[in-house]
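Notes for the one structure printed next.
The values are calculated or read from the model by the stated rules, or taken from the named source; none is laboratory data. Because the structure is a prediction, the values reported are computed rather than measured. Quick reminder, even Gly has a Cβ in these numbers, built from the backbone with ideal geometry, and neighbours come from all protein chains shown. Surface accessibility is based on the protein's heavy atoms, side chains included, excluding ligands, DNA and RNA. Shrake-Rupley method; radii C 1.70, N 1.55, O 1.52, S 1.80 Å.
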Protein chains: 2
Amino acid sequence: MKKHNFSAGPCILPEEVLKQASEAIVNFNNDDLSLIEISHRSAPFVEVIEKGRRLALEHLNLLNKGYKALFLQGGASTQFLMTAYNFLSKKAAYLNTGTWSTKAIKEARLFGDLIEVASSKDKNFTYIPKEYTVPNDVDFFHCTSNNTIYGTQMKTFPETNVPLICDMSSDIFSRQLDFSKFDLIYAGAQKNMGPAGTTLVVIKEDLLERICREVPSMLSYKVHVERDSMFNTPSVFAVYVSMLTLDWLKGLGGVSFIEDVNKKKAKLLYDEIDRNPLFKGIVSKEDRSTMNATFTIVNEDLQSRFDSMWKEANISGINGHRSVGGYRASMYNALPLYSVQALVDVMKELERKA
Amino acid sequence: MKKHNFSAGPCILPEEVLKQASEAIVNFNNDDLSLIEISHRSAPFVEVIEKGRRLALEHLNLLNKGYKALFLQGGASTQFLMTAYNFLSKKAAYLNTGTWSTKAIKEARLFGDLIEVASSKDKNFTYIPKEYTVPNDVDFFHCTSNNTIYGTQMKTFPETNVPLICDMSSDIFSRQLDFSKFDLIYAGAQKNMGPAGTTLVVIKEDLLERICREVPSMLSYKVHVERDSMFNTPSVFAVYVSMLTLDWLKGLGGVSFIEDVNKKKAKLLYDEIDRNPLFKGIVSKEDRSTMNATFTIVNEDLQSRFDSMWKEANISGINGHRSVGGYRASMYNALPLYSVQALVDVMKELERKA
């Protein structure tokens, strides 16, 4: 019996994807060679990465709309500096909604001036600031769509005429948005897309004209776009599993289908958090993330009992992040509804027994 | 029957490593979870990366000698810029032995002045320059120990009192050297260490004091050393398979054992290239690489016949790089001696039939 895996990331991936990936490690493409011991420039792998790039754009409804998808290395943390290295000429505007925004801001400061248009640090990032304006004279505006650690999620994005850059690491491919409003989207693979080791970048080609300084090749979006995401050897396995996961999503019915499932899962859990007097949500209701639900147990004396109960129910990965405490249940695309039901059942059982 | 895989990289990996890796994708550590869906900060994965870092130092005889091993992302191509970003304050000296050295030089120029102490470009990099001196007033000296594309290998390294930085991507763990002479060694995993997606950096801790400018976190050796190679989510799968491969090497008897095997494989093939009148080696004999043997067929009319014959013998990956032509047989650690024998047999058979 597989565990109910609520890990915040790296996180649960579809079982059929894991099975295919496992097979490809011993025999890929029926070619009697492993996926990981063939040239990345061989036809079978080029097909993999091209399919992955196409599927990513397709899921975001950006195919043939002037965007390119890249599978880079280094995680979102590398994008923090790459976005600034390429595009921060004088000053840029950032929205600060948590740990990852704060880190993005720190790295960008090396390259120019920064305006923090708003921050929710005053309340330990338990809400998304809404009353702010993006200045018209900045190089770009940067925000984080979903805050994994706190469990908040931006439901709307500001209207602005400056380039819009968004870190969507923890909610990409989980919901429909008008992605054509964004000029650059990046996401570490290890939530809804695949294993750690590759980072998706979706960039509007027009934005390349705004590169403002000489950038080392590996950090240049222009270089990676020109070389079709194969400037150097990519993270072959991570790209392959990402492609499989994007293909799995397509087979299910795409982002619109999974968005419905994600809403059902989130509703099931948040309804129980609100109903059950033993538990309490941590963040503002209107900003609750459909991906990461954070909550506390009201009476701390019940904590060890609850912990034993969910472990016994084969649940894993719901301990809260050290900077928030309490619990965090991450409900990424591959987590089935019945796993959320299993957690809700334990919460109800605790109420009965308490 | 598995192919005789002479691919230049990504390249052949040990069969038992592939088998273990394949199993870990469905069930890692008997924990009913996949290796790629658990937290990188969970105890089982921390154990993996720590074991990998320890084994890397052990194989280089650098354990407890003031060095740290890191598993970073971005390939050797990212090290081209990172070495310069961190350590090139005024000027640095580079030895130019091929495509990868040339690329390293190009990226470093963004950060300071460069002295090319010698280059073998005059003869399409078919030899290793030997008559040069490393200036005493440079920030560091950089060289490439093995040139995958041309099939040349440095047999000795200059004595110098400036920091010695070496790209060992294609021959690390293949031979014994006095590695304590080096201040920083880097290597993309995808030759002798594992799959593409991680890069080993072995750095002398003293060198960290020479970081000469403010460096973004992801590009800072200091940050990665301080965070035990876990500043951000590492490339989990690539690190795991690298650890397994380093462990496999240890089980065999380590670098001294594999060096003997590598010498035997290289001797077998080069002896045939020199003996068989149909073939000719491309590079200077004294600079021949034990990892990548490059050769041409003297009478080009025989080429298509030879190509059919080696394909029929279940051999793959011996086409030469487009910038050199001819053939290239890569004989990394995991390639068995009998695969080289299979190639030599085909060369002999061609001679008999021609």
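Can you tell which of B:164, B:135, B:295 lies farthest toward the positive end of the dipole of the protein assembly as shown, using +1 and -1 charges on the Cβ of basic and acidic side chains (Lys, Arg; Asp, Glu)?
Ranked along the dipole, the leading option is B:135.
Working from the alpha-carbon coordinates of the stretch B:254-353, get Rg over Rh, Rh being the Kirkwood radius. Numbers along the way, then the final one.
Working: Rg = 13.0 Å, Rh = 13.8 Å.
Ratio of gyration radius to Kirkwood radius: 0.95.
Using only protein heavy atoms and a 1.4 Å probe, report how much of residue A:214 is accessible, in Å² to the nearest 10.
140
Exceeding 26 Å between C-alpha atoms, which entries from my cross-link table qualify? They are B:19/B:51; A:121/A:311; A:191/A:264; A:2/A:265; A:91/A:191; B:280/B:353. It would help to have the intermediate numbers written out before the result.
Values: B:19/B:51 19 Å; A:121/A:311 33 Å; A:191/A:264 19 Å; A:2/A:265 19 Å; A:91/A:191 31 Å; B:280/B:353 18 Å.
Result: A:121/A:311; A:91/A:191 exceed 26 Å.
Identify which of B:316, B:330, B:289 has the largest mean-square fluctuation in a Gaussian network model of chain B, with springs joining Cα atoms closer than 10 Å.
B:316
Nearest 100 Å² is fine: what is the total accessible surface buried where chains B and A meet, probe 1.4 Å? List each step's numbers first, then the result.
Details: alone 15510 and 15540 Å², together 26810 Å².
The B and A chains share an interface burying roughly 4200 Å².
Over the stretch A:96-223, consider all pairs of different Cα atoms and compute the Kirkwood hydrodynamic radius from their mean reciprocal separation; express it in Å, one decimal. Mind dumping the intermediate values first?
Values: mean 1/r = 0.0640 Å⁻¹.
Evaluated on the stretch A:96-223, it is 15.6 Å.
Tell me, what % of the accessible area of chain B is carbon and sulfur with a 1.4 angstrom probe? Intermediate values should be presented prior to the final figure.
Working: 6170 of 13390 Å².
Carbon and sulfur together cover 46 percent of it.
For chain A, build the charge dipole from Cβ charges (+1 Lys, Arg; -1 Asp, Glu) around the Cα centre, then report which of A:111, A:224, A:153 sits farthest towards its positive end.
About the Cα centre, the residue reaching furthest to the positive side is A:153.
Take the alpha-carbon centre of the stretch B:64-89, take the same for the stretch A:241-295, and report the distance between them in whole Å.
40
For the protein assembly as shown, what does the equivalent ellipsoid look like in terms of its semi-axes, each the square root of 5 times an eigenvalue of the Cα gyration tensor, given largest first in whole Å? Can you show the working numbers first?
Numbers: eigenvalues 423, 167, 110 Å².
Here the semi-axes work out to 46, 29, 23 Å.
Please give me the summed charge of the neighbours of residue A:261: other residues whose Cβ is under 12 Å from its Cβ, Lys and Arg +1, Asp and Glu -1. Numbers along the way, then the final one.
Values: positive: A:175, A:263, A:264, A:265, A:267; negative: A:259, A:260.
That sum, taken over residues with Cβ under 12 Å, equals +3.
When Cβ neighbours within 10 Å are restricted to other protein chains, what is their mean count per residue of peptide B:16-22? Could you put the intermediate results ahead of the total?
Values: counts 0, 3, 8, 3, 1, 6, 8.
Across B:16-22, the average partner-chain Cβ count within 10 Å equals 4.
Can you give the percent of C-alpha pairs in the stretch A:28-76 whose distance is more than 14 Å? Mind dumping the intermediate values first?
Numbers: 711 of 1176 pairs.
Counting every Cα pair in the stretch A:28-76, those more than 14 Å apart make up 60 percent.
Using a cut-off of 10 Å between beta-carbons, work out the net charge of the residues near residue B:163 (Lys and Arg +1, Asp and Glu -1, residue B:163 not included). Working shown, then result.
Working: positive: B:204, B:210; negative: B:139, B:183, B:206.
Computed value for this residue: -1.
Out of residues 5 or more away from residue A:67 or on other chains, whose amide H comes under 5 Å of its own, with H placed 1.01 Å from N in the peptide plane?
A:205
Which stretch or stretches of the stretch A:263-284 have amide N atoms under 20 Å from the point lying 7 Å from residue A:123's Cα along the Cα→Cβ direction?
A:270-271, A:273-275, A:279-284
List the residue ranges in chain A for DSSP H helices whose C-alpha atoms run 30 angstrom or more along the long axis and whose Kyte-Doolittle average is -1.0 or above. Can you show the working numbers first?
Details: long enough: A:254-275 (32 Å, -0.64).
Within chain A the helices that satisfy the rule are A:254-275.
Using only alpha carbon pairs under 8 Å that are at least six residues apart, calculate the relative contact order of the stretch B:222-354 and give it in whole percent.
Details: 122 pairs, mean separation 31.3, N = 133.
For the stretch B:222-354, the relative contact order is 24 percent.
How large is the dipole of the stretch B:15-252 about the Cα centre if only Lys and Arg carry +1 and Asp and Glu carry -1, each at its Cβ, rounded to the nearest 20 debye?
Values: 25 positive and 28 negative charges, 114 e Å.
The calculated dipole for the stretch B:15-252 is roughly 540 debye.
Using the Kirkwood radius built from alpha carbon pairs, what does the Stokes-Einstein equation give as D for chain B at 37 °C and 0.692 mPa s, in µm² per second?
Numbers: Rh = 21.1 Å.
Approximately 155 µm²/s, per Stokes-Einstein.
Towards the positive end of the charge dipole of the protein assembly as shown, with charges on Cβ (+1 Lys, Arg; -1 Asp, Glu), say which of A:185, B:60, A:25 has the farthest Cα.
Farthest towards the positive pole: A:185.
Given the rule -39500 (n - 2.57) for each run of at least 4 DSSP H residues, summed and divided by the residues of the protein assembly as shown, what is its mean residue ellipticity at 222 nm, to the nearest 500 deg cm²/dmol? Before the final figure, lay out each step's value.
Numbers: 18 runs with 248 residues, N = 708.
Per the formula, -11500 deg cm²/dmol.
Please calculate how many Å² of accessible area the stretch A:1-120 carries per residue, with a 1.4 Å probe and no DNA, RNA or ligand atoms counted.
Working: 4340 Å² over 120 residues.
That works out to 36 Å² for each residue.
Can you run phi through the Karplus equation (6.51, -1.76, 1.60; θ = phi - 60°) for the stretch B:115-128 and list ³J(HN,Hα) in whole Hz, with x for Gly and Pro?
These are the phi-based 3J(HN,Hα) values: 10, 8, 5, 6, 8, 10, 5, 4, 10, 6, 6, 8, 8, 9 Hz.
When you have a sec, figure out the Kirkwood radius of the stretch A:1-134 from all distinct Cα pair distances and drop it here in Å to one decimal?
Values: mean 1/r = 0.0530 Å⁻¹.
One over the average 1/r among Cα pairs gives 18.9 Å for the stretch A:1-134.
Any idea how far apart residue B:27 and residue A:349 come out in nm if each label point goes 7 Å out from Cα toward Cβ?
Computed distance between label sites residue B:27 and residue A:349 equals 2.3 nm.
Order these peptides, B:84-93, B:176-185, by their mean beta-carbon neighbour count within 10 angstrom, highest first.
Details: B:84-93: 21.6, B:176-185: 18.0.
So the peptides B:84-93, B:176-185, ranked by packing, come out B:84-93, B:176-185.
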